[in-house]
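Structure record follows, encoded as structure tokens.
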Ligand code: DGL
């Protein structure tokens, strides 16, 4: 395998495979190594220091495997560790943040709602992001949804959970103009989220992240070719297989006409 431009992806589990599938499309032939930290999933209910330590462990492993650029395919990991990782690690690092700006543009004068992990929504970085974009936004922490996606729950069960969280966090009678999927795991619960909020557009940050990755690789002469994608889990073999299955599912969903 040509290893010159190996790009390492990190998430706490299956969520980031939705970003990886899009990266494969935009950068065909680029070698990728995906690490799902399933032994320590979920991140979003842990403290900031613990998350940062786990993220560094994952990123260092990817560097040891030859990564020349790193993608934090996880909003929670980005919120806790991207600044420190950029200071300390010797390669370009691409992070992910909830896609507030495109959601605001879609929503016009209406408020938006941001579904993410408790950690992402409670860190100062998120307050700053909201302040920069103005307008009203409701925070909808959905820790249970990460567990459900990771555990392979059905869309119906997830829809019920999301409806409950929206009812708890958005005043009754308010219909948001857009919902932000501020956690990569939620890309695998799109159907459920649409059932819980019919007709409300869903916005994720995947395309923006992959475009940024392409720009960074190009700028740093790191575009690789002739490579393949490999997935690794810190969990057991069944979890590693689940990563590969979810990546295959994400690829199929991108291949479907929209
Ligand atoms: N996929 C991650 C994110 O984008 C976090 C999931 C977790 O809580 O581990 O925020």
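The values are calculated or read from the model by the stated rules, or taken from the named source; none is laboratory data. As the structure is a prediction and not an experimental result, all values here were calculated from the model. Methodologically, a virtual Cβ is constructed for each residue, glycine included, from the backbone with ideal geometry; neighbour enumeration extends over all protein chains shown.
Restricting 85, 77 to those that are closer than 19 Å to residue 129 by Cβ, surrounded by 20 or more Cβ atoms within 10 Å (Cβ to Cβ) and in contact (Cβ under 8 Å) with a residue 60 or more places away in the chain reduces the list to 77.
Set side by side, the residues 87, 105, 30 differ, and just one is more than 10 Å from the ligand (Cβ to nearest atom) and either touching a helix residue (DSSP H, G or I) at 6+ places or on another chain (Cβ under 9 Å) or in a strand (DSSP E or B) (or both), which is 30. Among the numbered conditions (1) touching a residue at least 60 places away in the same chain (Cβ under 8 Å); (2) in contact with a helix residue (DSSP H, G or I) (Cβ under 9 Å, 6 or more places away or on another chain), the only one that residue 160 does not meet is (1). Would you confirm whether or not region 50-65 contains a residue that is in a helix (DSSP H, G or I), in contact with a helix residue (DSSP H, G or I) (Cβ under 8 Å, 6 or more places away or on another chain) and near the ligand (Cβ under 10 Å from one of its atoms)? Yes, region 50-65 contains a residue that is in a helix (DSSP H, G or I), in contact with a helix residue (DSSP H, G or I) (Cβ under 8 Å, 6 or more places away or on another chain) and near the ligand (Cβ under 10 Å from one of its atoms).
Going by the conditions given, is residue 141 more than 30 Å from residue 69 (Cβ to Cβ), under 18 Å from the mean Cα position of the chain (by Cα) and within 14 Å of the ligand (Cβ to nearest atom)? In short, yes.
Residue-wise test of (1) surrounded by 14 or more Cβ atoms within 10 Å (Cβ to Cβ); (2) within 16 Å of the ligand (Cβ to nearest atom); (3) more than 18 Å from the chain's Cα centre (by Cα).
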position: 166; (1), (2), (3): yes, no, yes
position: 190; (1), (2), (3): yes, yes, no
position: 197; (1), (2), (3): yes, no, yes
position: 204; (1), (2), (3): yes, yes, no
position: 236; (1), (2), (3): no, no, yes
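Considering 200, 216, the condition of being modelled with pLDDT of 95 or more and in a loop (DSSP other than H, G, I, E, B) is satisfied by 200 alone. Could you tell me whether region 227-236 includes any residue that is out of contact with any strand residue (DSSP E or B) (no Cβ under 8 Å at 6 or more places or on another chain) and in a helix (DSSP H, G or I)? For region 227-236, residues out of contact with any strand residue (DSSP E or B) (no Cβ under 8 Å at 6 or more places or on another chain) and in a helix (DSSP H, G or I): absent.
If the condition is being within 24 Å of residue 238 (Cα to Cα) and touching a strand residue (DSSP E or B) at 6+ places or on another chain (Cβ under 6 Å), then region 34-70 contributes 34, 35, 36, 38, 58, 59, 62, 65. What is the residue count in region 67-84 for residues that are assigned to a helix (DSSP H, G or I) and either within 16 Å of the ligand (Cβ to nearest atom) or within 11 Å of the chain's Cα centre (by Cα) (or both)? Residues meeting the conditions: 8.
Counting only residues that are modelled with pLDDT under 95 and either under 29 Å from residue 220 (Cβ atoms) or surrounded by 18 or more Cβ atoms within 10 Å (Cβ to Cβ) (or both), how many does region 107-122 have? Let's see the steps before the verdict.
If we filter region 107-122 for residues that are modelled with pLDDT under 95, which is where we start, we get 108-109.
Of the ones still in play, those that are also either under 29 Å from residue 220 (Cβ atoms) or surrounded by 18 or more Cβ atoms within 10 Å (Cβ to Cβ) (or both) are none.
Number satisfying all stated conditions: 0.
Among the conditions (1) touching a strand residue (DSSP E or B) at 6+ places or on another chain (Cβ under 8 Å); (2) assigned to a helix (DSSP H, G or I), residue 248 misses just one, which is (1).
Scanning region 90-101 for residues that are crowded, with 18+ Cβ neighbours inside 10 Å and either in a helix (DSSP H, G or I) or at pLDDT below 95 (or both) yields a single hit, 100.
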